[in-house]
Protein chains: 2
Amino acid sequence: MGNEYVHGYNGKENERLSDQADTLVELLHSDTFYPAGSTVLEAGCGIGAQTMTLAAKSPEALFTSIDISQASVDEAEKRCDELGYKNVKFEQADIFNLEFKPESFDHVFVCFVLEHLANPVDTMTILKKLIRPGGTITVIEGDHGSAYFYPDSVYAHKAIACQVELQKRAGGNAMIGRELYPLLVKAGFNEVCVSPRMVYVDSSSPGLVEGFTKKTFTAMIEGVREKALSEKLISAADFDCGIADLYRTSESDGVFCYTFFKAFALKQD
Amino acid sequence: MGNEYVHGYNGKENERLSDQADTLVELLHSDTFYPAGSTVLEAGCGIGAQTMTLAAKSPEALFTSIDISQASVDEAEKRCDELGYKNVKFEQADIFNLEFKPESFDHVFVCFVLEHLANPVDTMTILKKLIRPGGTITVIEGDHGSAYFYPDSVYAHKAIACQVELQKRAGGNAMIGRELYPLLVKAGFNEVCVSPRMVYVDSSSPGLVEGFTKKTFTAMIEGVREKALSEKLISAADFDCGIADLYRTSESDGVFCYTFFKAFALKQD
């Protein structure tokens, strides 16, 4: 009985986690669709986390998904084959050294990439050259400065600030979400339209509490502990207190908020 | 010609500002509707800023709008008469000393009130007694800790923190928006559902830049300058730098984000 209950519970729990994943996919990708025959460059596909969603949602579009890491590309290709998607071509390639012809794609899609790059406007400018006139770019990024919660905690904000600082020292920007509008305008895109995609989590959504507050956001901050301490950004006590306070927001009276930003823009000429 | 252009521009500008006001009304109130004959208590109506929207959107519901300030109630009543709404009764009354019979309203509506009160759970508990079983409460609050922007600025956050601290010293809570879920659960409401209503402003929405970033949020923070300085919360130079940085976010490459929270809950018994 105990065992059955556990299985039953796990089954329900898995369903909830899968609901949570669905919720985020819906939030970020529900309005991305490419018509039959259109060619789309996914720049920075990683291990294909977004690629499978793109391929599934636009089954008649033709995707070229690139990443600088051969290992990631291999993993993405393997996952894609396993799921049976036939409309994606994978290539190892460096965004700053691409061999595609100018204007050779109808659209470009970039998700969770700019946050890691020191020169996001240059990147957008390079990608813009690859888009045919009248084509579009879609960019999705998070923003760690958009995280706030109840109960509020100075320590939690300090722990998050460590992640932001480390990403900055690595040449990236963990708060790039809010900047998408000026970035795309500076790169010369037209009709730039940014929409925030806010994730609001309270205990009425246990799947999001588990899957987003705990296992996505807090786990990610927790993951920089060693580096934050070795770079002397914070004391161990303060960092651990911050992580405890982030987990505290996942209790029944806690609330957690985070916002992703999605930009859509036109290459006019 | 010059003159005509100016008029044309002002006309367009007024339209944009009015669009902005409409955008916020839509964002906060579009999903609030009370059926014909239902009785609704608006607790803390002030000068009727939300009352007119309620009356217009639910023309056959019967509103009782109260405020602790007789002057505010008089002003609200005058505005309501001028606009010709017949479905609102105004009364001066103190939420903590009400003479309404228990369960005498179908619904309660509270907007931008809890932020000023030292005991929001008690307030919710008192209001809950006035709702019939099966009736609902709707609560809308802002959250000044939800403000973030590009370019980011330590000084701007310090200036905002002054407003938050002053509201705290006055017994209120300027960051109450994120707390609505636990507050309503603690007060014994059922099926509590909170939805964030995020205002995202970039220069593609000049009406929001002018009407929200500058004239609503930044002007409000600017308004606490004297008190923040006299209570020695900040130096004049830092405060002024923070305000300048908030205005900076309204320039063509700036971005401003703020989130309101709307809660809807059931009184089951």
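The values are calculated or read from the model by the stated rules, or taken from the named source; none is laboratory data. Bear in mind that the values here come from a model prediction, so they are computed numbers and not experimental data. Glycine gets a Cβ as well: all are built from the backbone with ideal geometry, and neighbour counts include every protein chain shown.
Being more than 29 Å from A:GLU226 (Cα to Cα) and either touching a residue at least 12 places away in the same chain (Cβ under 8 Å) or not charged (D, E, K, R) (or both) narrows it down to one of A:SER153, A:SER65, so name that one.
Of A:SER153, A:SER65, the one residue that is more than 29 Å from A:GLU226 (Cα to Cα) and either touching a residue at least 12 places away in the same chain (Cβ under 8 Å) or not charged (D, E, K, R) (or both) is A:SER65.
Which helices (runs of 4 or more DSSP H) does segment A:1-119 wholly contain that include 1 or more residues that are at pLDDT 95 or above and among the basic types (Lys, Arg)?
A:51-57, A:70-83
From the set of residues in segment B:217-252 that are free of Cβ contacts under 8 Å to residues at least 60 places away in the same chain and within 14 Å of chain A (Cβ to nearest Cβ), which is nearest to the chain's Cα centre (by Cα)?
B:SER250
Check A:LYS214 against each of (1) surrounded by 20 or more Cβ atoms within 10 Å (Cβ to Cβ); (2) at pLDDT 95 or above; (3) within 22 Å of A:THR23 (Cα to Cα); (4) away from chain B (no Cβ under 14 Å) and name the one condition it does not meet.
(1) is the only condition that A:LYS214 fails.
Can you tell me which residue within segment A:145-173, out of those that are closer than 21 Å to A:ASP238 by Cα and assigned to a loop (DSSP other than H, G, I, E, B), is farthest from the other protein chains (Cβ to nearest Cβ)?
A:SER153
Would you be able to say whether some residue in segment B:224-239 is crowded, with 18+ Cβ neighbours inside 10 Å, closer than 16 Å to B:LEU166 by Cα and among the small types (Gly, Ala, Ser)?
yes
Might you check whether a residue that is more than 14 Å from every other protein chain (Cβ to nearest Cβ), in a helix (DSSP H, G or I) and surrounded by 21 or more Cβ atoms within 10 Å (Cβ to Cβ) occurs anywhere in segment A:262-269?
No, segment A:262-269 contains no residue that is more than 14 Å from every other protein chain (Cβ to nearest Cβ), in a helix (DSSP H, G or I) and surrounded by 21 or more Cβ atoms within 10 Å (Cβ to Cβ).
So for segment A:175-194 (the condition being outside any helix (DSSP H, G or I), modelled with pLDDT of 95 or more, closer than 30 Å to A:SER252 by Cβ and more than 9 Å from chain B (Cβ to nearest Cβ)), does at least one residue qualify?
Checked segment A:175-194: no residue is outside any helix (DSSP H, G or I), modelled with pLDDT of 95 or more, closer than 30 Å to A:SER252 by Cβ and more than 9 Å from chain B (Cβ to nearest Cβ).
Taking the condition crowded, with 17+ Cβ neighbours inside 10 Å and of a type in the set (D, E, K, R), does A:LYS128 pass?
On the way: crowded, with 17+ Cβ neighbours inside 10 Å: yes; of a type in the set (D, E, K, R): yes.
When the stated conditions are applied, A:LYS128 passes them.
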